[in-house]
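This report concerns only the one structure given below.
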Amino acid sequence: MVYLDYAATTPFNKEVIKTHEQLLEKYFYNADSIYSQGIEVNRLLEKSRSLIAGMLHVKDEEIIFTSCGSEANNMAIKGIAFQYQNRGKHIITTSIEHSSVYEACKELEEVFGFDVTYLPVDHSGHISIDDLKKSIREDTILVSVMHINNEVGAIQPIEEIKKVIKEHPLIKFHVDMVQSLGKLTIDLSEIDCASFSAHKINGLKGSGLLYKNHSTTLVPLINGGQQEFGLRGGTSNACTYIVFAKTLRLALENFTQKEEYVKKLNSYLIHELSQIESVVINTQGKASNHIVNFSCVGYKPEVVLHALEEKDILISTRSACSSKTNDISRVMQQLHLSDEVARCALRVSISDLTKEEEIDKFIYCLKEVLNSIKKQR
(Lines give C-alpha, C1' and ligand atoms only; values in the text may rest on other atoms or scores of the structure.)
Protein backbone atom coordinates (compact mmCIF):
# COMPACT_ATOMS: atom_id res chain seq x y z
CA MET A 1 0.00 0.00 0.00
CA VAL A 2 1.12 3.55 -0.78
CA TYR A 3 0.08 5.86 2.05
CA LEU A 4 0.04 9.56 1.14
CA ASP A 5 -2.18 11.04 3.84
CA TYR A 6 0.30 11.90 6.60
CA ALA A 7 -1.43 15.21 7.36
CA ALA A 8 -4.47 13.22 8.51
CA THR A 9 -2.48 10.86 10.72
CA THR A 10 0.79 8.96 10.77
CA PRO A 11 1.75 5.31 11.33
CA PHE A 12 2.88 4.48 14.83
CA ASN A 13 6.58 4.48 15.61
CA LYS A 14 7.34 0.90 16.71
CA GLU A 15 9.51 2.13 19.59
CA VAL A 16 6.63 4.26 20.87
CA ILE A 17 4.21 1.33 20.72
CA LYS A 18 6.65 -0.98 22.52
CA THR A 19 7.25 1.55 25.30
CA HIS A 20 3.53 2.26 25.64
CA GLU A 21 2.70 -1.43 25.99
CA GLN A 22 5.35 -1.83 28.69
CA LEU A 23 4.00 1.20 30.55
CA LEU A 24 0.40 -0.06 30.36
CA GLU A 25 1.38 -3.39 31.83
CA LYS A 26 3.40 -2.00 34.73
CA TYR A 27 1.99 1.48 35.43
CA PHE A 28 -1.81 1.22 35.31
CA TYR A 29 -2.14 3.00 38.65
CA ASN A 30 -3.84 6.36 39.11
CA ALA A 31 -1.20 9.08 39.02
CA ASP A 32 -3.08 10.95 41.76
CA SER A 33 -3.04 8.08 44.26
CA ILE A 34 -0.83 8.68 47.29
CA TYR A 35 0.52 5.13 47.66
CA SER A 36 3.96 4.38 46.21
CA GLN A 37 2.76 2.97 42.87
CA GLY A 38 0.65 6.06 42.14
CA ILE A 39 3.48 8.31 43.22
CA GLU A 40 5.83 6.50 40.79
CA VAL A 41 3.37 6.98 37.90
CA ASN A 42 3.13 10.67 38.75
CA ARG A 43 6.93 10.92 38.85
CA LEU A 44 7.16 9.45 35.34
CA LEU A 45 4.39 11.77 34.16
CA GLU A 46 6.19 14.84 35.46
CA LYS A 47 9.47 13.60 34.00
CA SER A 48 7.79 13.40 30.60
CA ARG A 49 6.41 16.91 31.04
CA SER A 50 9.89 18.17 31.90
CA LEU A 51 11.52 16.45 28.92
CA ILE A 52 8.91 17.87 26.54
CA ALA A 53 9.33 21.34 28.03
CA GLY A 54 13.09 21.05 27.52
CA MET A 55 12.69 20.08 23.86
CA LEU A 56 10.32 23.03 23.31
CA HIS A 57 12.50 25.39 25.40
CA VAL A 58 9.76 26.33 27.84
CA LYS A 59 9.03 25.83 31.54
CA ASP A 60 7.64 22.55 32.87
CA GLU A 61 4.51 24.19 34.23
CA GLU A 62 3.77 25.64 30.78
CA ILE A 63 3.05 22.18 29.31
CA ILE A 64 -0.51 20.85 29.69
CA PHE A 65 -1.44 17.37 28.50
CA THR A 66 -4.70 17.07 26.52
CA SER A 67 -6.50 14.36 24.56
CA CYS A 68 -5.75 15.89 21.15
CA GLY A 69 -4.95 19.03 19.19
CA SER A 70 -8.63 19.94 18.88
CA GLU A 71 -9.05 19.92 22.65
CA ALA A 72 -5.91 22.04 23.02
CA ASN A 73 -7.31 24.54 20.51
CA ASN A 74 -10.64 24.75 22.34
CA MET A 75 -8.92 24.96 25.71
CA ALA A 76 -6.81 27.91 24.58
CA ILE A 77 -9.43 29.86 22.64
CA LYS A 78 -12.38 29.47 25.00
CA GLY A 79 -10.19 29.58 28.09
CA ILE A 80 -8.69 32.91 27.04
CA ALA A 81 -12.03 34.30 25.85
CA PHE A 82 -13.78 33.57 29.14
CA GLN A 83 -10.84 34.70 31.27
CA TYR A 84 -10.31 38.08 29.61
CA GLN A 85 -13.83 39.00 28.46
CA ASN A 86 -13.88 41.81 31.01
CA ARG A 87 -11.25 43.53 28.79
CA GLY A 88 -13.24 43.01 25.61
CA LYS A 89 -15.00 40.40 23.51
CA HIS A 90 -13.28 40.77 20.15
CA ILE A 91 -11.29 37.88 18.65
CA ILE A 92 -9.28 37.76 15.42
CA THR A 93 -8.64 34.55 13.52
CA THR A 94 -8.45 33.54 9.84
CA SER A 95 -10.98 32.21 7.38
CA ILE A 96 -8.99 28.99 6.80
CA GLU A 97 -8.46 27.70 10.33
CA HIS A 98 -8.89 24.05 11.30
CA SER A 99 -12.50 23.26 12.17
CA SER A 100 -11.66 23.02 15.90
CA VAL A 101 -10.62 26.68 15.87
CA TYR A 102 -13.23 27.90 13.40
CA GLU A 103 -16.14 26.21 15.15
CA ALA A 104 -14.92 27.27 18.59
CA CYS A 105 -14.94 30.88 17.40
CA LYS A 106 -18.38 30.42 15.84
CA GLU A 107 -19.71 29.11 19.15
CA LEU A 108 -18.21 32.06 21.03
CA GLU A 109 -20.03 34.34 18.56
CA GLU A 110 -23.40 32.62 18.49
CA VAL A 111 -23.71 31.44 22.09
CA PHE A 112 -21.57 33.77 24.18
CA GLY A 113 -21.84 37.07 22.32
CA PHE A 114 -18.23 37.51 21.21
CA ASP A 115 -17.35 39.41 18.03
CA VAL A 116 -14.98 37.51 15.72
CA THR A 117 -13.06 38.88 12.73
CA TYR A 118 -12.12 36.21 10.17
CA LEU A 119 -9.14 37.52 8.21
CA PRO A 120 -9.24 36.79 4.46
CA VAL A 121 -6.34 35.10 2.69
CA ASP A 122 -4.79 35.49 -0.74
CA HIS A 123 -4.86 32.83 -3.47
CA SER A 124 -2.06 30.91 -1.72
CA GLY A 125 -3.74 30.92 1.70
CA HIS A 126 -1.69 33.63 3.42
CA ILE A 127 -3.09 36.50 5.47
CA SER A 128 -2.09 40.13 5.02
CA ILE A 129 -0.27 41.74 7.93
CA ASP A 130 -1.95 45.02 7.00
CA ASP A 131 -5.35 43.34 7.33
CA LEU A 132 -4.35 42.12 10.78
CA LYS A 133 -3.24 45.60 11.87
CA LYS A 134 -6.48 47.15 10.61
CA SER A 135 -8.58 44.54 12.41
CA ILE A 136 -7.15 45.18 15.89
CA ARG A 137 -9.48 47.14 18.14
CA GLU A 138 -9.42 48.41 21.70
CA ASP A 139 -11.54 45.43 22.77
CA THR A 140 -9.44 42.79 20.97
CA ILE A 141 -8.31 40.13 23.46
CA LEU A 142 -7.12 37.25 21.27
CA VAL A 143 -5.51 36.52 17.90
CA SER A 144 -5.55 32.84 16.85
CA VAL A 145 -3.69 31.82 13.69
CA MET A 146 -2.59 28.37 12.57
CA HIS A 147 1.06 27.96 11.62
CA ILE A 148 0.66 25.48 8.74
CA ASN A 149 -2.70 25.05 7.06
CA ASN A 150 -3.71 21.41 7.01
CA GLU A 151 -5.34 21.49 3.55
CA VAL A 152 -3.03 23.58 1.35
CA GLY A 153 0.09 23.74 3.53
CA ALA A 154 0.31 27.56 3.63
CA ILE A 155 2.76 28.78 6.29
CA GLN A 156 1.52 31.94 8.00
CA PRO A 157 3.99 34.74 8.87
CA ILE A 158 4.06 34.00 12.59
CA GLU A 159 7.14 36.12 13.32
CA GLU A 160 5.57 39.17 11.67
CA ILE A 161 2.33 38.56 13.58
CA LYS A 162 4.32 38.47 16.82
CA LYS A 163 5.72 41.92 16.09
CA VAL A 164 2.24 43.34 15.52
CA ILE A 165 0.81 41.83 18.69
CA LYS A 166 3.81 42.94 20.73
CA GLU A 167 2.59 46.51 20.21
CA HIS A 168 -0.67 45.52 21.94
CA PRO A 169 0.38 43.87 25.23
CA LEU A 170 -3.19 43.08 26.33
CA ILE A 171 -3.82 40.83 23.30
CA LYS A 172 -3.14 37.11 23.69
CA PHE A 173 -1.68 35.13 20.78
CA HIS A 174 -2.61 31.49 20.14
CA VAL A 175 -1.05 29.37 17.38
CA ASP A 176 -2.33 26.01 16.15
CA MET A 177 0.97 24.18 15.58
CA VAL A 178 -0.46 20.69 15.06
CA GLN A 179 0.94 20.46 11.50
CA SER A 180 4.20 22.19 12.46
CA LEU A 181 5.60 19.85 15.09
CA GLY A 182 8.49 17.84 13.70
CA LYS A 183 8.31 19.73 10.39
CA LEU A 184 9.33 23.30 11.19
CA THR A 185 11.49 24.79 13.92
CA ILE A 186 9.18 25.66 16.82
CA ASP A 187 9.78 29.03 18.50
CA LEU A 188 7.31 29.66 21.32
CA SER A 189 8.76 33.00 22.41
CA GLU A 190 6.11 35.78 22.46
CA ILE A 191 3.35 33.21 21.96
CA ASP A 192 0.78 32.79 24.74
CA CYS A 193 -0.68 29.41 23.76
CA ALA A 194 0.17 26.75 21.16
CA SER A 195 -1.48 23.43 20.32
CA PHE A 196 0.16 20.13 19.37
CA SER A 197 -0.83 16.53 18.67
CA ALA A 198 1.09 13.25 18.99
CA HIS A 199 -0.57 11.33 16.16
CA LYS A 200 0.84 13.74 13.57
CA ILE A 201 4.39 12.72 14.57
CA ASN A 202 4.03 8.91 14.62
CA GLY A 203 2.63 8.90 18.14
CA LEU A 204 -0.59 7.83 19.83
CA LYS A 205 -4.05 9.11 19.05
CA GLY A 206 -5.77 10.59 22.07
CA SER A 207 -2.63 12.50 23.01
CA GLY A 208 -2.11 16.23 22.65
CA LEU A 209 -0.39 19.19 24.25
CA LEU A 210 -1.20 22.77 25.05
CA TYR A 211 1.65 25.16 25.67
CA LYS A 212 0.42 27.95 27.96
CA ASN A 213 2.74 30.80 28.81
CA HIS A 214 3.05 31.23 32.59
CA SER A 215 1.72 34.79 32.33
CA THR A 216 -1.52 33.67 30.65
CA THR A 217 -4.54 32.57 32.69
CA LEU A 218 -7.28 30.27 31.37
CA VAL A 219 -10.76 29.46 32.57
CA PRO A 220 -10.79 25.64 32.66
CA LEU A 221 -13.25 23.85 30.37
CA ILE A 222 -13.21 20.60 32.38
CA ASN A 223 -13.78 21.09 36.10
CA GLY A 224 -13.58 18.59 38.91
CA GLY A 225 -9.96 17.76 39.54
CA GLN A 226 -6.51 18.97 40.42
CA GLN A 227 -4.90 17.50 37.30
CA GLU A 228 -2.91 19.65 34.87
CA PHE A 229 -2.53 22.53 37.33
CA GLY A 230 -6.28 22.59 37.92
CA LEU A 231 -6.97 23.35 34.24
CA ARG A 232 -8.15 19.91 33.10
CA GLY A 233 -10.03 17.74 35.57
CA GLY A 234 -10.14 13.99 35.14
CA THR A 235 -7.94 10.97 35.74
CA SER A 236 -4.68 11.40 33.83
CA ASN A 237 -4.16 9.19 30.79
CA ALA A 238 -0.73 8.73 32.30
CA CYS A 239 0.90 6.10 30.07
CA THR A 240 -0.11 7.98 26.93
CA TYR A 241 1.24 11.24 28.33
CA ILE A 242 4.44 9.59 29.55
CA VAL A 243 5.25 8.20 26.10
CA PHE A 244 4.73 11.61 24.42
CA ALA A 245 8.25 12.62 25.47
CA LYS A 246 9.75 9.69 23.57
CA THR A 247 7.46 10.37 20.60
CA LEU A 248 8.69 13.96 20.37
CA ARG A 249 12.34 13.04 20.84
CA LEU A 250 12.17 10.53 17.99
CA ALA A 251 10.31 13.01 15.76
CA LEU A 252 13.01 15.63 16.28
CA GLU A 253 15.95 13.26 15.68
CA ASN A 254 17.86 14.05 12.45
CA PHE A 255 15.43 16.93 11.90
CA THR A 256 17.47 18.75 9.23
CA GLN A 257 18.21 15.57 7.30
CA LYS A 258 14.54 14.56 7.29
CA GLU A 259 13.38 17.97 6.11
CA GLU A 260 15.93 18.09 3.30
CA TYR A 261 14.70 14.72 2.10
CA VAL A 262 11.02 15.77 2.23
CA LYS A 263 11.85 19.01 0.43
CA LYS A 264 13.38 17.10 -2.50
CA LEU A 265 10.44 14.71 -2.54
CA ASN A 266 8.03 17.64 -2.56
CA SER A 267 9.75 19.24 -5.56
CA TYR A 268 9.66 15.95 -7.43
CA LEU A 269 5.99 15.40 -6.62
CA ILE A 270 4.95 18.88 -7.77
CA HIS A 271 7.00 18.56 -10.96
CA GLU A 272 5.41 15.23 -11.85
CA LEU A 273 1.88 16.44 -11.07
CA SER A 274 2.42 19.55 -13.17
CA GLN A 275 3.07 17.38 -16.23
CA ILE A 276 -0.42 15.87 -16.10
CA GLU A 277 -3.04 17.50 -18.28
CA SER A 278 -6.00 18.92 -16.31
CA VAL A 279 -4.03 19.08 -13.05
CA VAL A 280 -3.81 22.46 -11.28
CA ILE A 281 -1.47 22.87 -8.30
CA ASN A 282 -3.26 24.78 -5.53
CA THR A 283 -0.39 24.85 -3.03
CA GLN A 284 1.51 28.04 -3.81
CA GLY A 285 3.92 30.45 -2.14
CA LYS A 286 5.49 29.78 1.24
CA ALA A 287 4.16 26.35 2.14
CA SER A 288 5.00 23.19 4.01
CA ASN A 289 7.01 20.61 2.09
CA HIS A 290 4.71 17.96 3.54
CA ILE A 291 1.44 19.01 1.87
CA VAL A 292 0.53 19.37 -1.80
CA ASN A 293 -3.02 20.33 -2.74
CA PHE A 294 -4.02 19.98 -6.38
CA SER A 295 -7.14 19.73 -8.53
CA CYS A 296 -7.93 17.36 -11.35
CA VAL A 297 -10.21 19.77 -13.16
CA GLY A 298 -13.37 18.16 -14.47
CA TYR A 299 -13.07 15.07 -12.27
CA LYS A 300 -14.99 14.39 -9.07
CA PRO A 301 -12.38 14.14 -6.30
CA GLU A 302 -14.20 11.31 -4.50
CA VAL A 303 -14.22 9.24 -7.69
CA VAL A 304 -10.49 9.79 -8.18
CA LEU A 305 -9.78 9.03 -4.52
CA HIS A 306 -11.68 5.72 -4.53
CA ALA A 307 -10.22 4.68 -7.88
CA LEU A 308 -6.74 5.20 -6.42
CA GLU A 309 -7.79 3.33 -3.28
CA GLU A 310 -8.60 0.31 -5.45
CA LYS A 311 -4.98 0.46 -6.53
CA ASP A 312 -3.84 0.57 -2.86
CA ILE A 313 -3.00 4.28 -2.90
CA LEU A 314 -4.45 6.45 -0.15
CA ILE A 315 -4.78 10.23 -0.48
CA SER A 316 -7.48 12.63 0.74
CA THR A 317 -9.90 15.23 -0.52
CA ARG A 318 -9.65 17.60 2.45
CA SER A 319 -9.05 17.70 6.21
CA ALA A 320 -9.99 14.39 7.83
CA CYS A 321 -12.06 16.37 10.37
CA SER A 322 -14.43 17.53 7.62
CA SER A 323 -14.04 14.79 5.01
CA LYS A 324 -17.63 13.50 5.22
CA THR A 325 -19.24 16.62 3.82
CA ASN A 326 -19.83 16.84 0.07
CA ASP A 327 -19.71 20.57 -0.55
CA ILE A 328 -16.62 22.58 -1.46
CA SER A 329 -14.13 22.78 1.38
CA ARG A 330 -14.37 26.04 3.33
CA VAL A 331 -10.61 26.47 2.97
CA MET A 332 -10.68 26.04 -0.80
CA GLN A 333 -13.55 28.53 -1.05
CA GLN A 334 -11.32 31.20 0.48
CA LEU A 335 -8.45 30.88 -2.03
CA HIS A 336 -10.09 32.89 -4.84
CA LEU A 337 -10.20 29.79 -7.05
CA SER A 338 -12.90 29.10 -9.60
CA ASP A 339 -15.62 26.75 -8.33
CA GLU A 340 -14.48 24.23 -10.92
CA VAL A 341 -10.97 24.10 -9.47
CA ALA A 342 -12.03 24.35 -5.81
CA ARG A 343 -14.57 21.55 -6.18
CA CYS A 344 -11.98 19.13 -7.56
CA ALA A 345 -9.34 19.58 -4.87
CA LEU A 346 -7.28 16.64 -3.63
CA ARG A 347 -4.51 16.51 -1.02
CA VAL A 348 -1.32 14.48 -0.95
CA SER A 349 0.72 14.67 2.25
CA ILE A 350 4.12 13.06 2.66
CA SER A 351 6.77 12.47 5.32
CA ASP A 352 10.34 11.26 5.65
CA LEU A 353 8.88 7.74 5.51
CA THR A 354 7.64 8.31 1.95
CA LYS A 355 9.74 6.76 -0.79
CA GLU A 356 10.32 8.16 -4.28
CA GLU A 357 9.07 4.95 -5.85
CA GLU A 358 5.78 5.49 -4.00
CA ILE A 359 5.47 8.89 -5.65
CA ASP A 360 6.20 7.23 -9.01
CA LYS A 361 3.47 4.65 -8.44
CA PHE A 362 1.01 7.35 -7.39
CA ILE A 363 1.71 9.44 -10.50
CA TYR A 364 1.48 6.41 -12.79
CA CYS A 365 -1.81 5.26 -11.25
CA LEU A 366 -3.26 8.78 -11.21
CA LYS A 367 -2.68 9.04 -14.95
CA GLU A 368 -4.32 5.64 -15.42
CA VAL A 369 -7.32 6.64 -13.32
CA LEU A 370 -7.85 9.93 -15.13
CA ASN A 371 -7.62 8.25 -18.53
CA SER A 372 -10.00 5.53 -17.44
CA ILE A 373 -12.60 7.99 -16.14
CA LYS A 374 -12.23 10.07 -19.30
CA LYS A 375 -12.91 7.02 -21.51
CA GLN A 376 -16.02 6.15 -19.51
CA ARG A 377 -17.64 9.51 -20.22
With springs only between Cα atoms under 10 Å, which of Ser95, Ser295, Ser267 fluctuates most in a Gaussian network model of the chain?
Ser267
On the formula 1/(1 + (r/R0)^6), with r taken between the Cβ atoms of Glu138 and Asn254 and R0 of 51 Å, the FRET efficiency rounded to 0.05 is 0.60
Please state, to two decimals, what the Cα-based radius of gyration of segment 65-104 comes to when divided by 2.2 N^0.38 Å (N = residues).
1.21
Count of Lys pairs (Cα-Cα under 16 Å; at least 8 positions apart or interchain) in segment 152-284
11
Return the distance in nm (one decimal) between the two label points of a simple spin-label model at Glu21 and Tyr35, each offset 7 Å from Cα along Cα→Cβ.
2.8
What fraction, in whole percent, of alpha-carbon pairs in the chain exceed 41 Å separation?
15
If one puts a single equal scatterer on every Cα of segment 184-228 and applies the Debye formula without solvent, what log₁₀ I(q)/I(0) results at q = 0.17, 0.19, 0.20, 0.27 Å⁻¹?
-0.67, -0.80, -0.86, -1.09
If you place +1 on the Cβ of every Lys and Arg, -1 on the Cβ of every Asp and Glu, and leave all else neutral, what size is the dipole of the chain about its Cα centre, to the nearest 20 Debye?
200
Label zone at Lys311 (point 7 Å along Cα-to-Cβ), backbone N below 18 Å, segment 1-36
1-5
Heads up, segment 77-150 by the C-alpha gyration tensor (a ≥ b ≥ c square roots of eigenvalues; a/c under 1.5 rounded, else a/b over b/c prolate, else oblate) looks oblate
What are the equivalent ellipsoid semi-axes of segment 76-226, built from the alpha-carbon gyration tensor (square roots of five times its eigenvalues), in whole angstrom, biggest first?
22, 20, 15
If we sort 11-23, 74-86, 152-164, 52-64 on the protection proxy, mean other Cβ atoms within 10 Å, highest first, what's the order?
74-86, 152-164, 52-64, 11-23
Can you send over the carbon and sulfur percentage of the accessible area for segment 76-178, probe radius 1.4 Å, protein chains only?
47
Please report, ordered by residue number, every helix of the chain (full DSSP H runs) that is 15 Å or longer along its axis going by C-alpha atoms and whose mean Kyte-Doolittle hydropathy reaches 1.0.
238-252
Normalise the Cα radius of gyration of segment 211-263 by 2.2 N^0.38 Å (N = residues in it) and let me know the number.
1.66
Log entry: pair-distance distribution for segment 1-126, C-alpha pairs binned every 10 Å from zero, whole % per bin is 10, 25, 29, 23, 12, 1
With every protein chain kept in place and a 1.4 Å probe, segment 46-97 has an accessible area per residue in Å² of 32
In Å and from the alpha-carbon atoms only, list the Rg and Dmax of segment 231-377.
18.1, 58
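The values are calculated or read from the model by the stated rules, or taken from the named source; none is laboratory data. Just so we're clear, the structure is a prediction, and the values are computed from it rather than from any experiment. Here the Cβ is made from the backbone with ideal geometry for all residues, glycine too, and neighbour counts use every protein chain on show. Heads up: the accessible areas ignore ligands, DNA and RNA and are worked out on the full protein's heavy atoms, side chains in. Shrake-Rupley method; radii C 1.70, N 1.55, O 1.52, S 1.80 Å.
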